[in-house]
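See below for the structure under consideration.
The values are calculated or read from the model by the stated rules, or taken from the named source; none is laboratory data. No experiment lies behind these values; they were computed from the predicted model shown. Methodologically, a virtual Cβ is constructed for each residue, glycine included, from the backbone with ideal geometry; neighbour enumeration extends over all protein chains shown. With ligands, DNA and RNA removed, areas are computed over all heavy atoms of the protein, side chains included. Shrake-Rupley method; radii C 1.70, N 1.55, O 1.52, S 1.80 Å.
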Amino acid sequence: MDKTLAVLMPEASRSYLQKLIEQGLVTVNGKPADKKTKVMPGDEVAVEMPENVRPEIVPENIPLDIPYEDSDLLVVNKPKGMVVHPAAGHYSGTLVNALMYHCGDSLSGINGVERPGIVHRIDMMTSGLLIVAKNDFAHKSLAEQIKEHSFTRRYEAVVVGNLREDSGTVNAPIGRHPTDRKKMAVTEKNSREAITHYEVLGRYGGSVGAFTHVRLTLETGRTHQIRVHMAYIGHPVACDPVYGGAKQQFSCCEGQCLHAREIGFIHPRDGRSLYLTSELPDYFNAVLHKLARSVQ
């Protein structure tokens, strides 16, 4: 049903459309629809739009590192430890709280009241570049670029172990973990295509164990994709408390050693190619420094 609505309401996100269905606001031929409802030629589809609710998010004057900004969008360099949007246990101090203060009412509303402007996200303990849309026009264009795999996202990470190949690709579908609903996993059941390309930047085999510094390029953008894929091939991201498993040998930083370093996209308004990079943060350099010292 949500696929049909996506055709009728292309400006709305899939998650928003699914919520409309769940709330009983969509009918087919006068009867409430659910996600399994099939629409046939000649059917009458009606959508009752809920009233716009102003986000109950308190704007907070939190300093932001913004390497690029214009009237349509901005790119923020998110620090490690900052949650992107409010959720259970994190209703303040989030990136959205900071954006509400910085942008005021100039944020897209496609992803709902709790995620204004958020086109894509990175985990709380992952640092790096994130794009934010200031209006629905920009949001829709950027989301389409992500869907078409023309949106560049490159990360750097330190992973456990010594990768055999200097470069490679992990092509394995990702879905919800079958027994732990808080985790994702490589699975054929209720999963989506996920592709990650990796390239070795450095190898370390000192007293603290073997580790590899890698560059990772996302072809798709599934939840926890890099962390799941690297753990799947036996090289979990260093310091990852969720997917590190028994091979987690190194703990000189809190949370995974993963940084969203590069982002590239076509500007929705004027068609310019924009490409931004961010320096490796202090915590990441500290890990590399410790590994280099362990080799000596």
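Tabulated values for the structure
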read-out	value
Cβ-Cβ under 6 Å pairs, at least 6 apart or on other chains, the stretch 90-104 side at pLDDT 90 or above, far side polar (S, T, N, Q) and open to solvent by 10 Å² or more (accessible area, probe 1.4 Å)	Y101/N61
Residues (surrounded by fewer than 14 Cβ atoms within 10 Å (Cβ to Cβ) and either within 20 Å of F284 (Cβ to Cβ) or of a type in the set (S, T, N, Q) (or both)) located in the stretch 162-204	S167, T169, N171, T179, N190, G202
Meets criteria (out of contact with any Lys or Arg (no Cβ under 7 Å at 6 or more places or on another chain), farther than 28 Å from R215 by Cβ and open to solvent by less than 70 Å² (accessible area, probe 1.4 Å)) for E60	yes
Unmet criterion (only one of (1) at pLDDT 90 or above; (2) part of a loop (DSSP other than H, G, I, E, B)) for K38	(1)
The stretch 143-154 residues that are open to solvent by 80 Å² or more (accessible area, probe 1.4 Å), paired with ones that are not small (G, A, S) (beta carbon under 8 Å, 6 or more apart)	H149/E219; H149/T220
Which listed residue is over 17 Å from the mean Cα position of the chain (by Cα) and small (G, A, S), from G264, G209	G209
Close pairs (7 angstrom Cβ cut-off, 6 or more residues apart or separate chains): touching a residue at least 12 places away in the same chain (Cβ under 8 Å) and within 23 Å of F137 (Cβ to Cβ) in the stretch 12-32, among the β-branched types (V, I, T) and surrounded by 12 or more Cβ atoms within 10 Å (Cβ to Cβ) anywhere	A12/I110; S13/I110; Y16/I110; L20/V26; L20/V47
Top-ranked residue of the stretch 116-142 - restricted to ones that are under 25 Å from M184 (Cβ atoms) and of a type in the set (D, E, K, R), ranked as surrounded by the most Cβ atoms within 10 Å (Cβ to Cβ)	D123
Residue within the stretch 103-115 that is surrounded by 22 or more Cβ atoms within 10 Å (Cβ to Cβ) and under 26 Å from A157 (Cα atoms) present	no
Enumeration of residues in the stretch 114-134 that are more than 15 Å from I226 (Cβ to Cβ), out of contact with any strand residue (DSSP E or B) (no Cβ under 6 Å at 6 or more places or on another chain) and either free of Cβ contacts under 8 Å to residues at least 40 places away in the same chain or not in a loop (DSSP other than H, G, I, E, B) (or both)	R115, I118
Inter-residue pairs, beta-carbon under 9 Å, first within 12 Å of S167 (Cβ to Cβ) and in contact (Cβ under 8 Å) with a residue 24 or more places away in the chain and in the stretch 196-214, second of a type in the set (D, E) and not in a loop (DSSP other than H, G, I, E, B), 6+ apart	L201/E156; V214/E156; V214/E199
Top-ranked residue in the stretch 149-166 [being part of a strand (DSSP E or B) and of a type outside the set (S, T, N, Q); ranked as farthest from the chain's Cα centre (by Cα)]	V160
Count of residues meeting criterion [within 19 Å of the chain's Cα centre (by Cα) and either part of a loop (DSSP other than H, G, I, E, B) or at positive phi (or both)] in the stretch 56-88	13
Number of the exception - S92 against (1) open to solvent by 40 Å² or more (accessible area, probe 1.4 Å); (2) in a strand (DSSP E or B)	(2)
Selected residue [at pLDDT 85 or above, on the phi < 0 side of the Ramachandran plot and either among the acidic types (D, E) or open to solvent by 100 Å² or more (accessible area, probe 1.4 Å) (or both)] from E11, E44	E44
